[in-house]
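Worksheet for the structure shown next.
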Amino acid sequence: MSSVKPDSLIDSLVDAGVVKANLSIGQMLARGTLAGAILACATMVAFTANIQTQLPLVGAVIFPVGFVIIVLLGLELVTGSFKEPFARSERRLSGSAARNRPSDGAKASEPCV
């Protein structure tokens, strides 16, 4: 697994912001839906473990596994969109890129319905 050195952290954030901003609406919806389902399953398993074992620590250990799965699969949570301002501040993302995401089959000039 690769790591990011502290001096190149901002460059990595900017690159990630550009990638996230250029995703289509269909990709964002699919990634967000899958991430929500995985997080819901992790919550359910954590609550079940907490109730069955009567130890809150068990649920607290199980719940973050859902977040790890989401990150490893590259799925989308709302916090991933917080990287876009870094890309805008470095002038690597135009002002309309995030607002005018074309759907999977539409051209950029066509309205998305």
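The values are calculated or read from the model by the stated rules, or taken from the named source; none is laboratory data. These numbers were taken from a predicted model, which means no experiment stands behind them. Positions of Cβ are backbone-derived with ideal geometry, glycine not excepted, and every protein chain shown enters the neighbour counts. SASA here: full protein model, heavy atoms, side chains in, ligands and nucleic acids out. Shrake-Rupley method; radii C 1.70, N 1.55, O 1.52, S 1.80 Å.
Condition first: farther than 25 Å from G66 by Cβ and part of a loop (DSSP other than H, G, I, E, B). Now tell me which residues in region 1-23 satisfy that.
Of everything in region 1-23, those that are farther than 25 Å from G66 by Cβ and part of a loop (DSSP other than H, G, I, E, B) turn out to be K5, N22.
Pick from S2, S12, S24: which is at pLDDT below 90 and open to solvent by 60 Å² or more (accessible area, probe 1.4 Å)? Give the derivation first.
Numbers: S12 fails: open to solvent by 60 Å² or more (accessible area, probe 1.4 Å); S24 fails: open to solvent by 60 Å² or more (accessible area, probe 1.4 Å).
From the options S2, S12, S24, the qualifying one is S2.
Taking into account only those residues within region 35-64 that are touching a residue at least 24 places away in the same chain (Cβ under 8 Å) and surrounded by 15 or more Cβ atoms within 10 Å (Cβ to Cβ), which is nearest to L75 (Cα to Cα)?
First, pick out the residues of region 35-64 that are touching a residue at least 24 places away in the same chain (Cβ under 8 Å): 35, 38-39, 41-42.
Next cut, surrounded by 15 or more Cβ atoms within 10 Å (Cβ to Cβ) only: 35, 38-39, 42.
Numbers: A35: 6, I38: 10, L39: 11, A42: 15 Å.
Out of the qualifying residues, it is A35.
Could you check, for region 75-87, whether at least one of its residues is among the hydrophobic types (A, V, I, L, M, F, W, C), open to solvent by 80 Å² or more (accessible area, probe 1.4 Å) and at pLDDT 90 or above?
The answer is no; no qualifying residue exists.
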